[in-house]
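These notes concern the structure reproduced below.
The values are calculated or read from the model by the stated rules, or taken from the named source; none is laboratory data. Keep in mind that what you see is a predicted model, and the values were worked out from it rather than measured. Positions of Cβ are generated from backbone atoms using ideal geometry, with glycine treated the same way; all protein chains shown enter the neighbour counts. Quick note on the areas: whole protein, heavy atoms, side chains included, nothing else; ligands and nucleic acids left out. Shrake-Rupley method; radii C 1.70, N 1.55, O 1.52, S 1.80 Å.
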Amino acid sequence: MNRLFYYCSMILVGVSVIGCKDKATAPISSDVETSTPIDQVKIDSAIEEYELIPQEKVDKLNEAIQREKITSIEGIMRFYAPEDKAAEGKYSYDITVLQMSNSSLTLVTLIEDGINDDSMRAKKVVMTIKAKDGKNQVTQIKQSYQCWEGRGHTNWSSSYCN
């Protein structure tokens, strides 16, 4: 009788543990809804952050890249937005290159800060470059600006400074 009681107890404990474990990992519909909402404010601000450069300007840049025989990704960015060699103070000119995996696309970002301008403090340029037939071709350029304190917005925005 004691053995039967022992085995029944073990089975009940095992079933209880398995039952609790399943309930702990099963998502509740309300949890799924609240843990994965799309934050529309963040999406809107990300869209408003950049000014899309017109395709005709991108096409002219591509023509100049071929004419000048610029082959390096960083060189293309430097040609489009040259570094201010005469800048003073806390000026910085930083280029970041990100090769997209399994793709011929490269994302190049320039952040130029401490610009020698009375209203614009910084400029961010994001350029998408595609390798095509052994040559690099710019497919898109976006720009964003930050203003000096008291001269407009101090966050990244497509709006120009005052």
Inset, instruction - Might you work out the accessible area of Met120 for me, using a 1.4 Å probe with all protein chains in place, and round it to the nearest 10 Å²? - result: 50 Å²
Inset, instruction - Compute the FRET efficiency between Glu83 and Lys132 as 1/(1 + (r/R0)^6), taking r as their Cβ-Cβ distance and R0 = 22 Å, and round to the nearest 0.05. - result: 0.25
Inset, instruction - Find how much the distance from Asn102 to Glu63 grows on full extension, using 0.36 nm per residue of separation minus their present alpha carbon separation; answer in nm with one decimal. - result: 11.4 nm
Legend entry - Selection of trypsin sites (Lys or Arg not before Pro), region 132-162, meeting DSSP coil and at most 16 other Cβ within 10 Å: Arg151
Legend entry - About the Cα centre, charge dipole magnitude for region 77-117 (Lys/Arg +1, Asp/Glu -1 at Cβ), debye: 200 debye
Legend entry - Loop-located GluC sites (Glu not before Pro) in region 82-162, at most 11 other Cβ atoms within 10 Å (DSSP): Glu88, Glu149
Inset, instruction - Describe numerically, in nm with one decimal, the distance between label points set 7 Å from Cα along Cα→Cβ at Asn116 and at Asn155. - result: 3.2 nm
Inset, instruction - Report the convex hull volume per residue for region 69-141, counting only C-alpha atoms, in Å³. - result: 85 Å³
Legend entry - Among Tyr93, Ser104, Val58 the positive-end extreme of the charge dipole of region 51-106 (Cβ point charges): Ser104
Inset, instruction - Quote the charge dipole size of region 50-162 about the Cα centre in Debye, to the nearest 20; the model charges only the Cβ of Lys and Arg (+1) and of Asp and Glu (-1). - result: 340 debye
Inset, instruction - Output the pairs from Lys69/Lys142; Lys85/Lys132; Lys60/Lys135; Lys57/Lys132; Lys57/Lys85 with a Cα-Cα distance over 21 Å in this structure; if there are none, say none. - result: Lys69/Lys142; Lys85/Lys132; Lys57/Lys85
